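The block underneath contains the structure these notes are about, expressed in C-alpha cells.
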Amino acid sequence: AVVSTQSTGKRDQDTEFVDILDEKRHPLSKQPVPADYAKIEPTHNYIYRFIKNLFISAQLTAECAIISLIYIERLLTCADICLQPSNWKRIVLGAILLASKVWDDQAVWNVDYCQIMKDLQVEDVNELERQFLELIQFNINVQQAAYAKYYFDLRSAAEQHGLQLPVDTLDIKRAKKLEACSQNEEYDKLADMAETGPAKAMSLENLSKRRPSLAVIS
C-alpha cells in the first residue's frame, strides 16, 4: 500500500516541501545520506523490512497498520505532498507513532522508538509528532466506515499479491473501540497543545466539546 501510494503521487515540483519530513535534513541514522537520495526509489522489500522492524520491535497490532495508512493518506491530502524517496520513512514513522497511541492500550512512548532506531533523538521524534499533528490539522479521529474501507482495500491488494489479512482485523466491536479511542486521543492531543501554547492549525472550539466516553459506544 505504501509503494502504491508513493508511485501514484505527484512529482516533486508539484508538491509542498516540509522540512521535518526530509531525511537529508533530519536523518534517521548516522549513516551518510546519498547525494542523490531523493531520486533513489526504495524497493518493495526495503519498505517492507523498514515497517516490519518497527512493528515487531514495538509489538504493534494489525489494526495499527490500517490506521497508519489512513494517517499517511490524510497527511498527503491535508499537506498537499506525496510520498517520495526523500520523505517516505519519516512520514511512515510519524503515522505509526500516532496510530500506536490511538489504538494500543499500552502505547509505545516516543523514547521507545529511539531504542528501536538507535540514532534517533527523542527531541526529533517529539517534533515529528507535533508537526505531523499540525499537518493533518489535529484530525486523528478514525470513523468505522473509513476503517472498513481501508481494510477491504488492503485485503484486495493483499489478495492480488497472494497474501491474506487476518480475519479478525475487521470486527464491529473493535471498530467502535477504535472510533472511541481516536476521539479520546484527539481530545488529549488538543489539550496538551493548548497547555504548551497556541498551535497554528488548532481550533479552540474542539476543546469545548465534552470528551466522549468509551463506555457509551464500546
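The values are calculated or read from the model by the stated rules, or taken from the named source; none is laboratory data. Just so it is clear, the structure is predicted and the values come from calculations on it, not from any experiment. Glycine also receives a Cβ, built like all others from the backbone with ideal geometry; neighbour counts cover every protein chain displayed. Just the protein is used for accessible areas: all its heavy atoms, side chains included, with ligands, DNA and RNA removed. Shrake-Rupley method; radii C 1.70, N 1.55, O 1.52, S 1.80 Å.
In the stretch 101-154, how many are among the basic types (Lys, Arg), over 16 Å from the mean Cα position of the chain (by Cα) and closer than 19 Å to Tyr71 by Cβ? Step through it out loud before you land on a result.
To start, the set of residues in the stretch 101-154 that are among the basic types (Lys, Arg) comprises 101, 118, 130, 149.
Checking which are over 16 Å from the mean Cα position of the chain (by Cα) leaves us with 118, 149.
So of that shortlist, the ones also closer than 19 Å to Tyr71 by Cβ come out as 149.
Within the stretch 101-154, residues that are among the basic types (Lys, Arg), over 16 Å from the mean Cα position of the chain (by Cα) and closer than 19 Å to Tyr71 by Cβ number 1.
Would you check if Val92 is of a type in the set (A, V, I, L, M), over 26 Å from Ala148 (Cβ atoms) and in a helix (DSSP H, G or I)?
On the way: of a type in the set (A, V, I, L, M): yes; over 26 Å from Ala148 (Cβ atoms): no; in a helix (DSSP H, G or I): yes.
Criteria not met by Val92.
Does Tyr187 qualify as being aromatic (Phe, Trp, Tyr) and either modelled with pLDDT under 65 or in a loop (DSSP other than H, G, I, E, B) (or both)?
Yes, satisfied.
Give me a count of the residues in the stretch 70-91 that are open to solvent by less than 40 Å² (accessible area, probe 1.4 Å), at pLDDT 95 or above and touching a Ser or Thr at 6+ places or on another chain (Cβ under 8 Å).
So the count comes out to 2.
Search the stretch 7-34 for residues that are under 15 Å from Asp119 (Cβ atoms) and open to solvent by 90 Å² or more (accessible area, probe 1.4 Å) and pair each with any residue that is modelled with pLDDT of 65 or more and not aromatic (Phe, Trp, Tyr) when their beta-carbon atoms are under 8 Å apart and the residues are at least 6 apart or on different chains.
Lys24/Val33; Lys24/Ala38; Lys24/Ser86; Arg25/Asp19; Lys30/Asp119
Name every residue in the stretch 98-136 that is of a type in the set (Val, Ile, Thr), more than 24 Å from Asp80 (Cβ to Cβ) and touching a Lys or Arg at 6+ places or on another chain (Cβ under 9 Å), in order of residue number.
Selection gives Val108 alone.
Name every residue in the stretch 52-68 that is under 14 Å from Leu97 (Cβ atoms) and open to solvent by less than 40 Å² (accessible area, probe 1.4 Å), in order of residue number. If you could, list the steps in order and put the result at the bottom.
Restricting attention to the stretch 52-68, the residues satisfying the condition of being under 14 Å from Leu97 (Cβ atoms) are 54-55, 57-58, 60, 64-65, 67-68.
Correct list: Leu54, Phe55, Ala58, Leu60, Cys64, Ile67, Ser68.
Taking the criterion of being open to solvent by 20 Å² or more (accessible area, probe 1.4 Å), closer than 26 Å to Asp36 by Cα and of a type outside the set (Gly, Ala, Ser), would at least one residue in the stretch 141-152 satisfy it? Walk me through it before giving the result.
The first filter runs over the stretch 141-152 and keeps only residues open to solvent by 20 Å² or more (accessible area, probe 1.4 Å), leaving 141, 143-146, 148-150, 152.
Narrowing further to those that are closer than 26 Å to Asp36 by Cα: none.
Scanning the stretch 141-152 turns up no residue that is open to solvent by 20 Å² or more (accessible area, probe 1.4 Å), closer than 26 Å to Asp36 by Cα and of a type outside the set (Gly, Ala, Ser).
So which pairs qualify, if the first residue must be in the stretch 133-146 and closer than 15 Å to Glu73 by Cα, the second must be open to solvent by less than 10 Å² (accessible area, probe 1.4 Å) and among the small types (Gly, Ala, Ser), the Cβ gap must be under 7 Å, and the two must be at least 6 apart or on different chains?
Ile140/Ser182; Asn141/Ser182; Val142/Ser182
State all residues of the stretch 4-57 that are at pLDDT below 85, in a loop (DSSP other than H, G, I, E, B) and charged (D, E, K, R); if no residue qualifies, say none.
Step one: filter the stretch 4-57 for residues at pLDDT below 85, giving 4-17.
Still in the running and in a loop (DSSP other than H, G, I, E, B): 8-11, 15-17.
Those that are at pLDDT below 85, in a loop (DSSP other than H, G, I, E, B) and charged (D, E, K, R): Lys10, Arg11, Glu16.
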